[in-house]
Amino acid sequence: MSHTFDALLDRARALVSDGRRAVLGIAGAPAAGKTTLAEELLAALGRTPPPGLPAGEWVAHVPMDGFHLADVELDRLGLRDRKGAPETFDHLGYAALLRRFHEDRDDVVYAPGFERVIEQPIAGSIPVFRSARLLISEGNYLLLWESLRPLLTEVWYADLDPESRRRRLIDRHMRFGKPEPDAVSWATGTDERNAMLIAATRPAADLIVGADLLHRIGSAPG
């Protein structure tokens, strides 16, 4: 089933119709367009809040990438060559952050970000204020860890076609410093194994965002 972007916006707004905080998860394989979709949703929803909520402040964006283990810890665990695999994330720390968000007690919750230039998580770099009712959070494995599912109000799956996704992934690796042979090797090796694991979780998603819409969003100006 295909969806328009406006239909996605309506569905996202409906998640907070009861006034309680909600978390919209966006899952999918590496380079499927999860972050672009999250950022486009954030921008559009910020301008068009549900009735009674302030523009901008009612929606926030916290990627799960901030919960990558740092390289120094991956070295200790012997997992540096598997960076990006499920075991290289602090998914329990991510779950703890989502619980704090749902508890709705703190004036601000600080979340870690991820700096792609150095490929490292950065602690305390994303403030989520009390006014935020909807949290948009994308990550590869949101549907893999069963402990996360009760903390995610809905999970959408970004389902980009494999050829486009691999091309984007190789380009991204090269843009952030990998020589082309290394970029191809990583994208078709470690990344592809992870993508197959992620694809198996697709049936558990509440909604599938198809390649046609992901291509339109990814090629939109600005």
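The values are calculated or read from the model by the stated rules, or taken from the named source; none is laboratory data. The model shown is predicted, which means the values in this text are computed figures rather than measured ones. For neighbour counting, all protein chains shown are included, and Cβ atoms are generated from backbone atoms with ideal geometry for every residue, glycine included.
Working only within the range 105-134, note down all residues that are of a type in the set (Lys, Arg) and surrounded by 16 or more Cβ atoms within 10 Å (Cβ to Cβ). Reasoning before the result, please.
Just the residues of the range 105-134 that are of a type in the set (Lys, Arg), to begin with: 105, 116, 130, 133.
Within the range 105-134, 133 is the sole residue that qualifies.
It is to be established whether one or more residues within the range 40-62 are out of contact with any Asp or Glu (no Cβ under 8 Å at 6 or more places or on another chain), under 30 Å from residue 166 (Cβ atoms), of a type outside the set (A, V, I, L, M, F, W, C) and touching a residue at least 12 places away in the same chain (Cβ under 8 Å).
Looking for residues that are out of contact with any Asp or Glu (no Cβ under 8 Å at 6 or more places or on another chain), under 30 Å from residue 166 (Cβ atoms), of a type outside the set (A, V, I, L, M, F, W, C) and touching a residue at least 12 places away in the same chain (Cβ under 8 Å), one finds at least one in the range 40-62, hence yes.
Which of the residues belonging to the range 120-149 are in a strand (DSSP E or B) and among the acidic types (Asp, Glu)?
Of all residues in the range 120-149, those in a strand (DSSP E or B) come to 120-129, 134-138.
Answer for the range 120-149, where residues must be in a strand (DSSP E or B) and among the acidic types (Asp, Glu): just 138.
Yes/no matrix, rows are residues, columns are (1) assigned to a helix (DSSP H, G or I); (2) touching a Phe, Trp or Tyr at 6+ places or on another chain (Cβ under 8 Å); (3) farther than 18 Å from residue 143 by Cβ:
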| position | (1), (2), (3) |
| --- | --- |
| 39 | yes, no, yes |
| 44 | yes, yes, yes |
| 55 | no, no, yes |
| 60 | no, yes, yes |
| 76 | yes, no, yes |
| 99 | yes, no, yes |
| 102 | yes, no, yes |
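Condition check: within 26 Å of residue 115 (Cβ to Cβ) and modelled with pLDDT of 90 or more. Does residue 65 satisfy that? Before the answer, list the steps.
Numbers: within 26 Å of residue 115 (Cβ to Cβ): yes; modelled with pLDDT of 90 or more: yes.
The answer is yes for residue 65.
Which numbered condition trips up residue 117, out of (1) in a loop (DSSP other than H, G, I, E, B); (2) more than 27 Å from residue 12 (Cβ to Cβ); (3) at pLDDT 95 or above?
(3)
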